[in-house]
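The values are calculated or read from the model by the stated rules, or taken from the named source; none is laboratory data. On a predicted model such as this, the values are computed, not experimentally measured, just so you know. Accessible surface is based on the protein model in full, side chains and every heavy atom, while ligands, DNA and RNA are left aside. Shrake-Rupley method; radii C 1.70, N 1.55, O 1.52, S 1.80 Å.
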Amino acid sequence: QVQLVESGGGLVQAGGSLRLACTASGSIFSINLMGWYRQAPGKQRELVATVTSGGRKNYVDAVKGRFTVSRDNAKNTVDLQMNSLKPEDTAVYYCNAAIRRSWNQPLSDYWGQGTQVTVSS
């Protein structure tokens, strides 16, 4: 079994910062892509940032220059440093990882339970 556990959400004023953390644990052979998605009320879940096992990063345009995704392959963790937060960043943030549980199994998508980020104006 594989679990993704997130932490670090909360309430912050516009212009402030938060750091989200996610740890993958359980029966893990390897992890390919890791990243963060978010879902605001009444909207579809959207990609925020991803990072490959080799360190290549990708960001949605709305967060470029403000958010930084980082990863520790040895610890199976992925973090999201969020600076200069805006009210439109308010959403539930989900950790995501593409994980292979054994050498002969395909990659499968796993999700964390979500953590609320609220930015007040």
Check your understanding: Radius of gyration and Dmax for the chain's Cα atoms, expressed in Å?
Key -> 14.2, 50
Review point. By how many nm would the segment from Ser108 to Gln44 grow when fully extended, if each residue of separation counts as 0.36 nm and the alpha-carbon distance is taken off?
Key: 20.9 nm
Practice item. Quick one: pull the percent of accessible area on the chain belonging to carbon and sulfur, 1.4 Å probe, ligands and nucleic acids left out. Key: 46 percent
Exercise for review: For the stretch 4-72, build the convex hull from the C-alpha positions and give me its volume per residue in Å³.
Suggested key: 119 Å³
Practice item. Give me the accessible area per residue for the chain, probe 1.4 Å, as a whole number in Å². Key: 54 Å²
